[in-house]
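Taking it in order: structure first as structure tokens, then the write-up.
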Amino acid sequence: MAESWAWLVNQFEQTFITDNRWQYFAKGIVTTLEVTFLALILGVVIGVVIAVIRSAHDSQRGSKKGIGHVILAFFNAIAKLYLTVIRGTPSTVQLLIMWFIVFKWARDDMMVWVAAISFGINSGAYVAEIVRSGIMSIDLGQSEAGRSLGLNYTQTMGYIVIPQAIKNILPALGNELITLLKETSICGFIGLQDLTKGAMIVQSRTYAPFVPYLSIAVLYLALVLILSKLLSIFERRLRESDRR
Amino acid sequence: MIDVKNLEKSFGDHFVLKGINEHINKGEKVAVIGPSGSGKSTFLRCLNLLEQPTGGTITFEGVDITDPQNDINKMRTRMGMVFQQFNLFPHLSVKENIKLAPLKLKLMTKAEADKRALELLERVGLPDKADAYPKQLSGGQQQRIAIARALAMNPDVMLFDEPTSALDPEMVGEVLEIMKELADDGMTMVVVTHEMGFARSVATRILFMDEGVIAEQNEPEAFFTNPQNPRLREFLSKVL
């Protein structure tokens, strides 16, 4: 008993104390969160735009003539292609392509941004379908009321439909955020030192996997729990405004 | 004011409107009645292009609104619409519901829109509900707010799509009362309704629609006392 305790203390010391290795974990968490939140913002922006294009295309009725319909059909085709390619290929492969091919010229200090863009583009495809389901959940009468007042399609979406849709899809968006956070653990593939890569570096110095990997598992879990808590508080606030 | 020529509307191969010709003058209060499925709601919804007609033209104040060259959004600001299901915006307070379109379309300043909203709430008898949310209101109150919201744009014509059909019976009166006041103020109105009493006392002209055409029309007294069309006679015998 005493022996294994001593072993564990020794492992902890090697993992965190020696050569200030705790810094790999601390900086790793910062990088992981940076990539996650930048990607989240980009993903939501892309997702809303794609969802609005797709819904606009699907909801048009009557004659399909005119230049407006042609433009919409064009953007809808691009949106569909984007969804197919992004959801049909692994995010790791997308990340490698982004860093080694698309942003080949980028300096190493821009790696966080490239990773964020890659994950953002990836997440946007999933957010788009979530937002689209949210838009479809809003009664058609809402957009008819907006249009009858003279608001155009975009204004009706922006002021009337999307604000209500967001409330309905918040749980699904929260899920996407958590998935995104965990997915950034593949950042190491391009050499970005996120939390996972930090643990791998430490393990390569100590040759002892036990403490570093279990530690980051606990750290990821803690991050997810904190995020879930924040989300549920946010959600409850929105629901309260429903009961006013 | 509104001139409808050969209006046709089909959903796929289902013909709902089979060539309607109609002229609505400024100040008229036109009630549209008829059995369900006769196309009366579709006719009304075509007037502000919520339904895109598949044939014919609609001219509003001299502008052919069925011509894609003309900006329908601009035309709609002059045509208020009230829906069967009220369609208030649940995420906005009553006042915000009324102010949204005038503000976002930059037709009024914030102060003007505020003032107008309060005036309108006074007019529909709900001045104390400015900061309430739609869900806290009864159906009748919601419909009165919906009328105020449409009036906020200072429309030249008001379209009503069965405004009392979704209401509990004891709330029908309060909504009809507001509509009657509106009519007395000289508003041009087109009302699709099942309220025969309202049609008779408020309308200046009644249209009877059946199977996608206007089968008969007349001024209210003659319409009810001396119907010609056998389908109208049958309809009236069932609803009166």
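At-a-glance table
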{"quantity": "Qualifying residues in region A:231-244 (those that are out of contact with any helix residue (DSSP H, G or I) (no Cβ under 9 Å at 6 or more places or on another chain) and away from every other protein chain (no Cβ under 14 Å)) - the one most open to solvent (accessible area, probe 1.4 Å)", "calculated": "A:ARG236"}
{"quantity": "Filtered residue count, region B:75-97, keeping only those that are of a type in the set (Gly, Ala, Ser) and within 8 Å of another protein chain (Cβ to nearest Cβ)", "calculated": "1"}
{"quantity": "Test set (1) on the phi > 0 side of the Ramachandran plot; (2) free of Cβ contacts under 8 Å to residues at least 12 places away in the same chain - B:GLY186 fails condition number", "calculated": "(2)"}
{"quantity": "Residue list for region A:2-34, filter: of a type in the set (Lys, Arg) and either in a helix (DSSP H, G or I) or without any contact (Cβ under 8 Å) to a residue 12 or more places away in the chain (or both)", "calculated": "A:LYS27"}
{"quantity": "Hits in region B:117-140 (condition: closer than 18 Å to A:ARG239 by Cα and part of a helix (DSSP H, G or I))", "calculated": "B:PRO134, B:LYS135, B:GLN136"}
{"quantity": "Residue list for region A:148-198, filter: of a type in the set (A, V, I, L, M, F, W, C) and touching a Phe, Trp or Tyr at 6+ places or on another chain (Cβ under 6 Å)", "calculated": "A:ILE160, A:ILE190"}
{"quantity": "Check on B:ALA111, of a type in the set (Gly, Ala, Ser) and open to solvent by less than 30 Å² (accessible area, probe 1.4 Å)", "calculated": "no"}
{"quantity": "Any hit, region B:39-51, residues being modelled with pLDDT under 95 and assigned to a helix (DSSP H, G or I)", "calculated": "no"}
{"quantity": "Unmet criterion (only one of (1) more than 14 Å from every other protein chain (Cβ to nearest Cβ); (2) part of a helix (DSSP H, G or I); (3) surrounded by fewer than 18 Cβ atoms within 10 Å (Cβ to Cβ)) for A:LEU223", "calculated": "(3)"}
{"quantity": "Some residue of region A:165-185 being within 14 Å of another protein chain (Cβ to nearest Cβ), surrounded by fewer than 18 Cβ atoms within 10 Å (Cβ to Cβ) and small (Gly, Ala, Ser)", "calculated": "no"}
{"quantity": "Residues located in region B:150-170, provided they are assigned to a helix (DSSP H, G or I), more than 13 Å from the chain's Cα centre (by Cα) and surrounded by 21 or more Cβ atoms within 10 Å (Cβ to Cβ)", "calculated": "none"}
{"quantity": "Residue that is farthest from the chain's Cα centre (by Cα), among those in region A:150-161 that are open to solvent by less than 30 Å² (accessible area, probe 1.4 Å) and more than 7 Å from every other protein chain (Cβ to nearest Cβ)", "calculated": "A:THR156"}
{"quantity": "Meets criteria (of a type in the set (Lys, Arg) and either open to solvent by less than 40 Å² (accessible area, probe 1.4 Å) or out of contact with any helix residue (DSSP H, G or I) (no Cβ under 9 Å at 6 or more places or on another chain) (or both)) for A:ARG147", "calculated": "no"}
{"quantity": "Matching residues in region A:35-45 - criterion: being touching a residue at least 12 places away in the same chain (Cβ under 8 Å) and out of contact with any Leu (no Cβ under 8 Å at 6 or more places or on another chain)", "calculated": "A:LEU38, A:ILE41, A:LEU42, A:VAL45"}
{"quantity": "Output for region A:203-244, where each listed residue is under 30 Å from A:PHE12 (Cα atoms) and aromatic (Phe, Trp, Tyr)", "calculated": "A:TYR207, A:PHE210, A:TYR213, A:TYR220"}
{"quantity": "Number of positions in region A:198-218 that are in contact with a helix residue (DSSP H, G or I) (Cβ under 7 Å, 6 or more places away or on another chain) and either open to solvent by 50 Å² or more (accessible area, probe 1.4 Å) or outside any helix (DSSP H, G or I) (or both)", "calculated": "6"}
{"quantity": "Residue that is nearest to the chain's Cα centre (by Cα), among those in region B:179-195 that are open to solvent by 20 Å² or more (accessible area, probe 1.4 Å) and under 22 Å from B:ARG45 (Cβ atoms)", "calculated": "B:MET187"}
{"quantity": "Qualifying residue in region B:37-51 (condition: more than 14 Å from chain A (Cβ to nearest Cβ) and of a type in the set (Asp, Glu))", "calculated": "no"}
{"quantity": "Index of the failed condition, B:GLN136 passing every other in (1) within 14 Å of chain A (Cβ to nearest Cβ); (2) under 30 Å from B:GLU61 (Cβ atoms); (3) out of contact with any strand residue (DSSP E or B) (no Cβ under 8 Å at 6 or more places or on another chain)", "calculated": "(2)"}
{"quantity": "Region B:58-92: number of residues that are open to solvent by less than 10 Å² (accessible area, probe 1.4 Å) and either free of Cβ contacts under 8 Å to residues at least 24 places away in the same chain or small (Gly, Ala, Ser) (or both)", "calculated": "2"}
{"quantity": "Residue in region A:163-170 that is in a helix (DSSP H, G or I) and free of Cβ contacts under 8 Å to residues at least 24 places away in the same chain present", "calculated": "yes"}
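This table checks each residue for (1) closer than 25 Å to A:HIS57 by Cα; (2) open to solvent by 20 Å² or more (accessible area, probe 1.4 Å).
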residue	(1), (2)
A:TYR82	yes, yes
A:GLY88	yes, yes
A:MET98	no, yes
A:VAL102	no, yes
A:ARG107	no, yes
A:ALA115	no, no
A:ASN122	yes, no
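For every residue, the table says whether it meets (1) in contact with a Phe, Trp or Tyr (Cβ under 8 Å, 6 or more places away or on another chain); (2) among the charged types (D, E, K, R); (3) open to solvent by 80 Å² or more (accessible area, probe 1.4 Å).
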{"site": "A:GLU3", "(1), (2), (3)": "no, yes, yes"}
{"site": "A:VAL45", "(1), (2), (3)": "no, no, yes"}
{"site": "A:ARG54", "(1), (2), (3)": "no, yes, no"}
{"site": "A:ALA79", "(1), (2), (3)": "no, no, no"}
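The values are calculated or read from the model by the stated rules, or taken from the named source; none is laboratory data. Just so you know, these numbers come straight off a predicted model, no measurement behind them. Note that each Cβ is placed from the backbone with ideal geometry, even for glycine, and that neighbours are counted across all protein chains shown. Please note that ligands, DNA and RNA were not included when accessible areas were found on the heavy atoms of the full protein model with its side chains. Shrake-Rupley method; radii C 1.70, N 1.55, O 1.52, S 1.80 Å.
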